[in-house]
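A short worksheet on the structure shown next.
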C-alpha cells in the first residue's frame, strides 16, 4: 500500500529530553510468517553476461545512447516470488548487473511492491510507491572492470525506504537515467523473461510509450527479516567497544511489543536515541555528518529520547526504547530512522560522544 502520511509521533525537540516517543496503545495485529534470515533472489537469472550485453535503461539503442532521458520499469511477478517460498520480510537492497563505469546526469531508482501481474503503461499504477529510493545523479557509477575492459558483476543499492513484502505481491523496479556523455555508458545484463515498460525520451509524463513482454534488465533483490534494518557504523568508546543498535518485537500496525535496543555500550552513562525521518539530510546539511574520529551521525534526529544505560562493565551497557504503534492504516510503509549516542570521555570525536550504527524501522 502506498504511504499516505508521515508517522504521527510527538517528537521531542530538545537534546536528551525525557522519553515521549511512545505511541498510542492499540489492538495487536496479526503478524504473518516471517523470513528467518536474509535471502538474495536474482531475477530472472544469476548468470551475468560476459562480455556484457546492454539493457534498459543504462543503455538504450537509439535514444538512450544519444543522451536522451530514458525511464523504464521492470516487473518481477508474484508467480516467480511465490515459487521461491519467501516468507514476509523487508526488501532492503536492489542489485543490478553492471560492467564498466559511467556518470549519469540523472540516475533515479524507485522500487516497491505491486498488485499488478503484468505491466500497464501507467507508472504509478505499476508502482504505487513513487518515493525515490536512490538518487545517484552526477555520481560515477562503477560495475565490474573498467570503461575499456568491462566485466559484469552485481552492484547492490541500499534502499532509502526498505519496504515490506508478503507472498502474493509483485515487485517493480523503476529507473530513470540520462547519460552525462552520450555513448559513455555502463554495460548491463539483459534478462530473457523480464517484462518492461519504457519511454526512450522521457519528459515527465505519467505514461510509458512502450510495453514489452521480455528482454528487460536482470536485477536482484535482498530480503531481510522483519527487524530494524541496520546501516552505517558506530565508533568506539571506553574499552574500544562500539555500541550496537538492534530491535525486539514487531513494528506492525497495533504492535505493543516493539522496542529499539542497544548493547555493547558504556554502563551507567547518559545517552539518547536519535529519531528522525531522514537518513540523507538534517538541519546541519547532508548525512552522514562526521563528528571526527570516525564518529558519524546517520539520522536526522528530529528528536532525542534520553536514557541512562544499565550494566556493570564497559561493553556491557544496555538501553531500551519501547514503542507502541497505533493500528492506523495510513502508517503502512512509513520508515523512520534511529541511532544511539552516548556521553563517553574516551570518544575519538570532537565532542565526548560515541555513536552506534543506525537502523531503519519500517511500519507494516
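Values in this text are rule-based calculations from the coordinates and carry no lab data. Values in this document were obtained by computation on a predicted structure and should not be read as measured data. Every residue, glycine as well, gets a Cβ built from its backbone with ideal geometry; the counts of neighbours run over all protein chains shown.
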Taking square-rooted eigenvalues a ≥ b ≥ c of the alpha carbon gyration tensor, is the chain rounded, prolate or oblate, where a/c under 1.5 means rounded and, failing that, a/b exceeding b/c means prolate? prolate
If R0 = 22 Å, then residue 343 and residue 240, at their Cβ-Cβ distance, give a FRET efficiency to the nearest 0.05 of 0.85
A correct fewest-to-most ranking of 304, 351 by other Cβ atoms within 10 Å would be 351, 304
Subtract the Cα-Cα distance of residue 350 and residue 233 from 0.36 nm times their separation in residues, and report this length gain in nm to one decimal. 40.4 nm
Got a sec? Which residues in segment 81-117 would a label at residue 45 touch, if it sits 7 Å along Cα→Cβ and we count backbone N under 15 Å? 97
Separation of the residue 138 and residue 327 label points, Cα + 7 Å toward Cβ, nm: 4.8 nm
Take the alpha carbon atoms of segment 196-258, find their center, do the same for segment 275-291, and report the distance between the two centers in whole angstrom. 18 Å
Pairwise FRET efficiency - residue 289 versus residue 146, Cβ, R0 = 30 Å, nearest 0.05: 0.35
Can you bin segment 229-362 into rounded, prolate or oblate? Criterion: square roots of the alpha carbon gyration tensor eigenvalues sorted a ≥ b ≥ c, rounded for a/c under 1.5, prolate for a/b above b/c, oblate for the rest. oblate
Relative contact order for the chain, counting Cα pairs under 8 Å that sit 6 or more residues apart, in percent: 23 percent
Stretched fully, the stretch from residue 310 through residue 248 gains (0.36 nm per residue minus C-alpha distance, one decimal, in nm) 20.6 nm
Ranked list, fewest to most other Cβ atoms within 10 Å of each Cβ, for 337, 43: 43, 337
With a cut-off of 8 Å between alpha carbons and a minimum separation of six or more residues, what is the relative contact order of segment 234-307 in percent? 27 percent
So if we plug the beta-carbon distance of residue 125 and residue 320 into 1/(1 + (r/R0)^6) with R0 = 56 Å, what FRET efficiency do we get, rounded to 0.05? 0.85
